[in-house]
Amino acid sequence: MPSCKIAPSLLSADFARLGDEVRAVIAAGADLIHFDVMDNHYVPNLTIGPLVCEAIRPQATVPIDVHLMVKPVDRIVPDFAKAGAAIISFHPESSDHVDRTIGLIHDCGCKAGLVFNPATPLGWLDYTIDKLDLVLIMSVNPGFGGQSFIPQALDKLRAARTRIDAAQQRIGRPILLEVDGGVKVDNIAAIAKAGADTFVAGSAIFGTPDYAATIAKMRAELAKAG
Ligand code: DX5
Ligand code: ZN
C-alpha cells in the first residue's frame, strides 16, 4: 500500500528533546507529524500549543497534522495555521458551528479534518464530507497515549470508507481516512483492511528504540494487507 501514511504522534516523544525526536522520526520514514493538542477541558489532559508547533516547524520537513482536542476551537485555529500546521482536525462536539469551523480552517490555508470519538456517530459527515480533507476515527477515547485499540473502530472505519469513496467520486479529490489510538505493528494490517489509509501511532513508535525498524515493520504489515 504505497499510498498509506504513517503519522507518529509526538505525545509519546521525549518532550525534553522534541526537535531531535521530530528529526529522528522523519529520518525513520514518517509521512506526517501528528501533533496532539489537549486543553484539560475538552479532554482530561494538557499538552502543547501553537508555540511548540512553531518551535518544531523548522525540523518538520513533512506536514504537521494538528489534532485539536480543545473547546472552543475557533479562537486557536489561526494560531496553528500561523505556526505551520498543514492539517487541522477537530471534534464536532467541541465546536458550536461545525461548518463554520471547517470554513475557518480552509480560510487559514490549512486542510480540514473532522474527528470521531468512539461514541460519536458518523452522521456528522452527512452535510460536511464534501468539504473535508480528512476524516479521523478515534480508536481510543481521546486524552492519553498508550491505550488499547477499541475493536468497534474497525466497523466504523468500514462505514467511513464507504462514505469517503462515494464523496471522492462526487468531488474528485482525495479525503484521507485516518485512525488514531492503539495502532501497533500487530494490528495495523487489520486496520488497513477496514479502510484506513493514514495511521497515527505514538507509543508503538516512540516506545521502541529503533523508530526506522518499527516503521519498516508497519509498512511490511501494510504491504501484506495489500
Ligand atoms: C489520544 C491521541 C493520540 C495518541 C495515540 O488522544 O489523540 O494521538 O497519541 O497514542 P497511541 O498510539 O500510543 O495510542
Ligand atoms: Zn491524536
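The values are calculated or read from the model by the stated rules, or taken from the named source; none is laboratory data. This one's a predicted model, so the numbers in the text were calculated from it and none came from an experiment. A quick note on method: Cβ atoms are made from the backbone with ideal geometry, for glycine too, and the neighbour counts reach across all protein chains shown. Surface areas here come from the heavy atoms of the whole protein model, side chains and all, with no ligands, DNA or RNA. Shrake-Rupley method; radii C 1.70, N 1.55, O 1.52, S 1.80 Å.
Of note:
- Taking amide H positions as modeled 1.01 Å from N, with prolines and chain starts lacking one, the residues under 5 Å from SER139 and 5 or more places away or on another chain are ASP180, GLY181.
- The gain in end-to-end length when the ALA159 to GLN147 segment is fully stretched comes to 2.0 nm, 0.36 nm per residue minus the alpha carbon separation.
- Applied to region 168-184, the Karplus parametrisation 6.51 cos²θ - 1.76 cosθ + 1.60 on θ = phi - 60° returns per-residue 3J(HN,Hα) values of 4, 4, 5, 9, x, 8, x, 10, 6, 10, 9, 10, 9, x, x, 7, 9 Hz, with x for Gly and Pro.
- Beta bridges per DSSP with both ends in the chain, % antiparallel, nearest 5: 5
- Gap separating the Cα centres of region 131-175 and region 176-215, nearest whole Å: 14
- Bridges between two residues of region 1-112, per DSSP, are antiparallel at a rate of about 5%.
- Residue-count net charge about VAL66 - beta-carbon cut-off 11 Å; Lys, Arg +1, Asp, Glu -1: -2
- log10 of Debye I(q)/I(0), alpha-carbon scatterers only, for the chain at 0.19 Å⁻¹: -1.61
- The lysine pair count for region 5-225, using Cα distances under 17 Å and pairs eight or more places apart or on different chains, is 13.
- For ALA86, net neighbour charge (Lys/Arg +1, Asp/Glu -1) across residues whose Cβ lies under 11 Å away: 0
- Protection proxy ranking of 210-220, 6-16 - average other beta-carbon atoms within 10 Å, highest first: 6-16, 210-220
- For region 114-125, Karplus couplings with θ = phi - 60° (6.51, -1.76, 1.60), whole Hz, Gly/Pro x: 10, 10, 10, 5, x, 9, 8, x, 6, x, 4, 7
- Computed with a 1.4 Å probe over protein heavy atoms only, the accessible surface of the chain comes to 43 Å² per residue.
- Charge tally around ALA119: other residues with Cβ under 14 Å, Lys/Arg +1 each, Asp/Glu -1 each, net -1.
- Rounded percent of accessible protein surface that carbon and sulfur make up, the chain, 1.4 Å probe: 55
- A simple rule links phi to the HN-Hα coupling: the Karplus curve 6.51 cos²θ - 1.76 cosθ + 1.60 with θ = phi - 60°, which for region 4-11 gives 6, 10, 9, 10, x, 8, 5, 3 Hz, with x for Gly and Pro.
- Helix-derived mean residue ellipticity, 222 nm - over the chain, DSSP H n ≥ 4, -39500 (n - 2.57), to 500: -10000 deg cm²/dmol
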